[in-house]
């Protein structure tokens, strides 16, 4: 891991990186900082394991009593519910006037502001029980679409990758406190995305025996070009590896897509597109794997969030060259 290039906290970096006339600048900086600060107790929660109740009790969070499946009919674990509640509670108790807060764990909460938020609180939550990488994915939407995206990766160390104003920067959680109670995300480096002809990585999800012929042929092409198999079950963990080594992440319809468009695909696609990579939406296999593009996605707004926030689809994103081979 590279040394810190400078001891600049996230809050200071945001102040210096966004011009005074950046749309909704003050509210956006406060919203980013508020959500990022909420990831620090989440990190502590995950370190304590799935039976921990300490943070739950300390923050006086009410846990749903009769809800065991999320809106996608997937089993929820304690971390899914608790981390959702931590972030939601943190935003609602701030002075931020949000447009909406949408999480995969509940129906959207509507406000009166201009900035909306999508949250995947624990991406790859099934990895928690076996101590593998998970993360939190966040998208922030203005009136015309996504304006900021970031994720926090809870691994051997905790890092934040944030995309805003045509920049993608990585921060690391400095666990040496400046005081007895506070930690800070410190600027590490600006990110790039390798665009390799050979030797990247491939993280291909879905059921291979139910992939379309086009998807199977694409996998064989990647194998022939030496792209190594690195699928882990954590979208955000695999994505972070692609930023370092170059390559592609996919979840092919098998026969249907599974990953949430607005909670997972779009925030990470926003980062990829900023780094001159590519993103394709892949429709159901029975439709011949037809594709759509980032520019074709309906922007998420306060007016339509309750109707379309639960959209799922297949997709492919990563280095431009490798995605275009599909």
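Just so it is clear, none of the values below were taken in a lab; they were calculated from the coordinates. Not measured: the values here are computed from a predicted model. For neighbour counting, all protein chains shown are included, and Cβ atoms are generated from backbone atoms with ideal geometry for every residue, glycine included.
How many angstrom lie between the C-alpha centres of region 246-304 and region 186-238?
15 Å
Just how far, in whole angstrom, is region 8-33 from region 95-120 if you go by their alpha carbon centroids?
The distance from the Cα centre of region 95-120 to that of region 8-33 comes to 19 Å.
Can you compute the equivalent ellipsoid semi-axes for region 159-248, i.e. the square root of 5 times each eigenvalue of the Cα gyration tensor, sorted largest first and rounded to whole Å?
They are 34, 15, 11 Å, listed from largest to smallest.
How would you rank 197, 264, 284, going from fewest to most other Cβ atoms within 10 Å of each one's own Cβ?
Fewest-to-most ranking of 197, 264, 284: 197, 284, 264.
Taking 2.2 N^0.38 Å as the expected size of a compact globular protein, what ratio does the Cα radius of gyration of region 103-262 give against it, to two decimals?
For region 103-262, the normalised Cα radius of gyration comes out at 1.17.
I need 190, 245, 262 ordered by Cβ neighbour count within 10 Å, fewest first.
Least to most surrounded, the residues fall as 190, 245, 262.
What are the principal axis extents of the Cα atoms in region 201-324, in Å, biggest first?
46, 32, 23
Can you order the peptides 311-321, 85-95 by their average number of other Cβ atoms within 10 Å per residue, highest first?
By packing density, highest mean first, the sequence is 311-321, 85-95.
Sorted by mean Cβ packing within 10 Å, highest first, what order do the peptides 170-176, 266-272, 37-43 take?
The packing order, highest mean first, is 266-272, 37-43, 170-176.
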